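The values are calculated or read from the model by the stated rules, or taken from the named source; none is laboratory data. Keep in mind the model is a prediction, meaning the values are calculated, not measured. Here the Cβ positions follow ideal geometry from the backbone for every residue, glycine too, while neighbour counts run over all protein chains shown.
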Amino acid sequence: MKILVTGGAGFIGSAVVRLAVARGHDVVNLDALTYAGSLSNVASVADNPLYRFEHADIRDRAALDRIFATHHPDMVMHLAAESHVDRSIDGPGDFIETNITGTFNMLEAARSYWVQQGKPAGFRFHHISTDEVFGSLPDDPTVKFTEDTPYDPRSPYSASKASSDHLVRAWFETYGLPVVLSNCSNNYGPYHFPEKLIPVVILNALAGRPLPIYGTGANIRDWLFVEDHADALLLVAHKGALGRSYNIGGENERSNLDLVRTLCTILDEKRPKPHGSYADQITFVADRPGHDARYAIDPTRIRTELGWRPSVTVEEGLAKTVQWYLDNEDWWRALQSRQGVGQRLGTRA
């Protein structure tokens with residue numbers, strides 16, 4: 001099986017690339033290497049004969065056609081996207097161009113290739129999206145996102161991803177392109193680019209800087225370990241029903257404040273400060289504009305249809321993540337000079 005992975009030098013995409021190669025799949029990694037992409041994320045497979053890299057942008061249709069014609073993939077796993085909500089508030093144009101127009105280009109390139117190949121029955125286009133397309137949930141543990149939850153995006157990022165989801169479904173219904181979709185909860189784990197909450201907290205803690213928490217820290221997220229997500233994505237790609245979507249969650253809801261306190265406790269154990277706790281560095285800052293109150297995934301469909309469940313609790317996953325950052329300082333230090341890293345973004349609304 002040859003898999004074309006878009007965004008394979010990013011956080012989630014690189015986890016998919018590493019796992020797919022480990023399982024014996026031929027993998028073509030297509031990535032534009034924007035600020036959040038790094039080939040160091042896939043260094044462990046770079047010399048593997050099953051791995052190929054294509055430096056290309058999904059907004060470049062000619063490049064996409066060339067890559068399909070050169071590599072003849074059996075499957076596409078489309079992860080390439082602009083993904084940081086705060087950056088989407090400051091500069092929504094990049095999100096529209098990449099997440100919407102880029103997905104359109106991918107669909108058209110895949111459809112053209114699929115038709116030219118005689119519409120092989122085994123071909124699949126797996127579109128990877130986010131639970132943020134569903135909007136915000138009330139503070140009621142009995143209410144969760146299902147695959148039938150109406151879309152209600154609240155940020156430029158989530159609106160762009162909702163748009164791309166609709167395009168994928170339209171290409172299935174109109175053209176018969178064999179697609180599957182998945183919407184995930186918040187990912188965390190190794191190689192997480194240092195602009196998201198968990199790596200920011202870890203690295204700020206180690207540097208003795210404030211640990212910023214938006215608002216009161218009451219916003220709730222369902223946390224999914226990235227290696228569990230990669231496992232689920234490969235399962236959906238291979239065995240998901242065509243035209244169907246699957247919500248992938250970690251079954252680990254935590255408020256942002258509770259999550260940060262847990263990280264501080266883990267850091268206190270693994271690298272104790274001379275005096276006090278890392279929790280002493282917690283600082284509440286102005287909330288993000290339009291900050292969704294709660295996300296939570298109902299994983300019934302992927303559990304009952306495909307037999308998937310997450311392998312770790314959030315406490316276990318966070319301990320693994322903290323240890324990875326402690327052990328891989330060279331990786332994250334090399335990224336700290338990139339545009340926007342270490343700055344508060346998303347305050348222009």
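What to note about this one:
- Qualifying positions in the stretch 304-339 - touching a Lys or Arg at 6+ places or on another chain (Cβ under 7 Å), over 14 Å from ASP222 (Cβ atoms) and surrounded by fewer than 20 Cβ atoms within 10 Å (Cβ to Cβ): LEU306, GLN323, LEU326
- The residues of the stretch 1-15 that are within 13 Å of GLY37 (Cα to Cα) and not hydroxyl-bearing (Ser, Thr, Tyr), listed by number, are GLY7, GLY8, ALA9, GLY10, PHE11, ILE12, GLY13, ALA15.
- Matching strands (runs of 3 or more DSSP E) fully within the stretch 193-273 where at least 2 residues are in contact (Cβ under 8 Å) with a residue 40 or more places away in the chain and closer than 30 Å to ARG124 by Cβ: 220-225, 245-248
- Pick from the stretch 185-219, criterion within 30 Å of VAL76 (Cα to Cα) and out of contact with any helix residue (DSSP H, G or I) (no Cβ under 6 Å at 6 or more places or on another chain), ranking: surrounded by the fewest Cβ atoms within 10 Å (Cβ to Cβ): LYS196
- Boolean, VAL312 is in contact (Cβ under 8 Å) with a residue 24 or more places away in the chain and over 20 Å from LEU224 (Cα atoms): no
- Within the stretch 263-275, the only residue that satisfies the criterion of being modelled with pLDDT of 95 or more and exposed (fewer than 11 other Cβ atoms within 10 Å of the Cβ) is GLU269.
- Residue in the stretch 119-142 that is among the β-branched types (Val, Ile, Thr) and more than 17 Å from the chain's Cα centre (by Cα) present: yes
- Taken over the stretch 50-80, residues that are touching a helix residue (DSSP H, G or I) at 6+ places or on another chain (Cβ under 7 Å) and within 20 Å of PRO178 (Cβ to Cβ) amount to 10.
- GLN281 satisfies every condition listed in (1) under 24 Å from PRO150 (Cβ atoms); (2) touching a strand residue (DSSP E or B) at 6+ places or on another chain (Cβ under 7 Å) except (1).
- So TYR157, is it surrounded by fewer than 19 Cβ atoms within 10 Å (Cβ to Cβ) and among the aromatic types (Phe, Trp, Tyr): no
- Of the strands (runs of 3 or more DSSP E) lying entirely inside the stretch 1-91, those containing at least 1 residues that are aromatic (Phe, Trp, Tyr) and either surrounded by fewer than 24 Cβ atoms within 10 Å (Cβ to Cβ) or within 17 Å of the chain's Cα centre (by Cα) (or both) are 51-55.
Residue-by-condition table, conditions (1) of a type in the set (A, V, I, L, M, F, W, C); (2) in a strand (DSSP E or B); (3) in contact (Cβ under 8 Å) with a residue 12 or more places away in the chain; (4) closer than 22 Å to ASP298 by Cα:
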| position | (1), (2), (3), (4) |
| --- | --- |
| GLY118 | no, no, no, no |
| GLY122 | no, no, yes, no |
| PRO153 | no, no, yes, yes |
| TRP171 | yes, no, yes, no |
| ASN183 | no, yes, yes, yes |
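- Those residues of the stretch 163-209 which are under 30 Å from ASP268 (Cβ atoms), of a type in the set (A, V, I, L, M) and within 22 Å of the chain's Cα centre (by Cα), in sequence order: LEU197, ILE198, VAL200, VAL201, ILE202, LEU203
- GLU132 being touching a residue at least 40 places away in the same chain (Cβ under 8 Å) and either in a loop (DSSP other than H, G, I, E, B) or of a type outside the set (Val, Ile, Thr) (or both): yes
- The single residue among ASN204, ASN187, ASN247, ASN256 that is modelled with pLDDT of 95 or more and closer than 19 Å to GLY13 by Cβ turns out to be ASN187.
- Flag for GLU251 being farther than 24 Å from GLY290 by Cβ and out of contact with any Asp or Glu (no Cβ under 9 Å at 6 or more places or on another chain): no
- Selected residue [at pLDDT below 95 and either closer than 19 Å to VAL236 by Cβ or of a type in the set (A, V, I, L, M) (or both)] from MET1, MET75: MET1
- Flag if GLY276 is free of Cβ contacts under 8 Å to residues at least 60 places away in the same chain and more than 18 Å from the chain's Cα centre (by Cα): yes
- Residue check for PHE145: under 16 Å from ARG301 (Cβ atoms), aromatic (Phe, Trp, Tyr), buried (at least 24 other Cβ atoms within 10 Å of the Cβ) and touching a residue at least 60 places away in the same chain (Cβ under 8 Å): no
- Within the stretch 314-349, the residues that satisfy the criterion of being at pLDDT below 95 and polar (S, T, N, Q) are GLN336, SER337, GLN339, GLN343, THR347.
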